[in-house]
1. Can you name the residue in the range 76-119 that is among the charged types (D, E, K, R) and touching a residue at least 12 places away in the same chain (Cβ under 8 Å) and, of all such residues, is farthest from PHE61 (Cα to Cα)?
2. Quick one: in the range 73-96, which of the residues that are hydroxyl-bearing (Ser, Thr, Tyr) and in contact with a His (Cβ under 9 Å, 6 or more places away or on another chain) is nearest to LEU26 (Cα to Cα)?
3. Looking only at the range 23-36, decide whether some residue is touching a residue at least 24 places away in the same chain (Cβ under 8 Å) and in a helix (DSSP H, G or I).
4. Condition first: under 14 Å from the mean Cα position of the chain (by Cα) and either over 21 Å from ALA15 (Cβ atoms) or at pLDDT below 95 (or both). Can you find one or more residues in the range 66-79 that meet it?
5. Could you figure out which of (1) touching a residue at least 24 places away in the same chain (Cβ under 8 Å); (2) farther than 19 Å from ASN117 by Cα; (3) part of a helix (DSSP H, G or I) isn't true of ALA15?
6. Looking only at residues that are of a type in the set (S, T, N, Q) and surrounded by fewer than 13 Cβ atoms within 10 Å (Cβ to Cβ) in the range 11-45, which one is modelled with the highest pLDDT?
7. So which strands (runs of 3 or more DSSP E) stay within the range 46-143 end to end and still have 1 or more residues that are surrounded by 19 or more Cβ atoms within 10 Å (Cβ to Cβ) and out of contact with any Cys (no Cβ under 9 Å at 6 or more places or on another chain)?
8. Considering (1) crowded, with 18+ Cβ neighbours inside 10 Å; (2) in a loop (DSSP other than H, G, I, E, B); (3) among the aromatic types (Phe, Trp, Tyr), say which one PHE8 fails and leave the rest.
Amino acid sequence: MKIPRRAFEIIQEQAFRELPHECCGLFAGVKQTDLRGEIENTVHEVAPCRNCLYHGRENGFEISNCEYDDIDREASALGYGIVGSYHSHINSPAVPSLHDVDFARPGHTMLIISMMNGRPSEVTAWLRRESGGFHQEPIRVVE
């Protein structure tokens, strides 16, 4: 995935601000497929969202359908689509959970920032395969 430096900073700032709860948000951008069928999502805009879980926000997140639809409409107006999402994991590794697998659509990039003891410890990105499951993908921060 490619992501602008400022968008990457916004995610980190939100992860700190939302502690001790998980933060979440969506990526608006463009999906590109190469000749081998490999997908690379390029993020152009980041949309911080409200974690609307009533209970369990310390180890889970949910984005309301209404907020998702609003962001999707805004992205479309700019010529983009929703190409992925991000969220934090609190005191756990930056690997997809079962909930994460259920949330992501095929072709969707999921960025996870692990917050250990109130500090970021790792950031990973995962691409949801058409056949199910994820594979880790490189994160390219661009100016």
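1. First pass over the range 76-119, keeping only residues among the charged types (D, E, K, R): 100, 102, 105, 119.
From what is left, the residues that are touching a residue at least 12 places away in the same chain (Cβ under 8 Å) are 100, 105.
On the way: ASP100: 9, ARG105: 16 Å.
Restricting to residues being among the charged types (D, E, K, R) and touching a residue at least 12 places away in the same chain (Cβ under 8 Å), the top hit is ARG105.
2. Our first condition is that a residue be hydroxyl-bearing (Ser, Thr, Tyr); within the range 73-96, this holds for 76, 80, 85-86, 88, 92.
Imposing the further condition that a residue be in contact with a His (Cβ under 9 Å, 6 or more places away or on another chain) reduces the set to 80, 85, 88.
Values: TYR80: 12, SER85: 4, SER88: 13 Å.
The qualifying residue nearest to LEU26 (Cα to Cα) is SER85.
3. The initial filter retains those residues of the range 23-36 that are touching a residue at least 24 places away in the same chain (Cβ under 8 Å), namely 23-31.
Next, from what is left, pick out any that are in a helix (DSSP H, G or I): none.
Within the range 23-36 (the criterion being touching a residue at least 24 places away in the same chain (Cβ under 8 Å) and in a helix (DSSP H, G or I)), the answer is no, since none of the residues qualifies.
4. Start the filter on the range 66-79 by keeping residues that are under 14 Å from the mean Cα position of the chain (by Cα), which leaves 68, 71.
Next, from what is left, pick out any that are either over 21 Å from ALA15 (Cβ atoms) or at pLDDT below 95 (or both): none.
For the range 66-79, residues under 14 Å from the mean Cα position of the chain (by Cα) and either over 21 Å from ALA15 (Cβ atoms) or at pLDDT below 95 (or both): absent.
5. (2)
6. From the range 11-45, those of a type in the set (S, T, N, Q) are 12, 14, 32-33, 41-42; that's our starting set.
From what's left, surrounded by fewer than 13 Cβ atoms within 10 Å (Cβ to Cβ): 32-33.
Details: GLN32: 90, THR33: 86.
Restricting to residues being of a type in the set (S, T, N, Q) and surrounded by fewer than 13 Cβ atoms within 10 Å (Cβ to Cβ), the top hit is GLN32.
7. Values: elements: 81-90, 109-116, 119-128, 134-137, 140-142.
Filter on the range 46-143 gives 81-90, 109-116, 119-128, 134-137.
8. (2)
The values are calculated or read from the model by the stated rules, or taken from the named source; none is laboratory data. Computed from a prediction, not measured in an experiment: that's the story for all the values here. For neighbour counting, all protein chains shown are included, and Cβ atoms are generated from backbone atoms with ideal geometry for every residue, glycine included.
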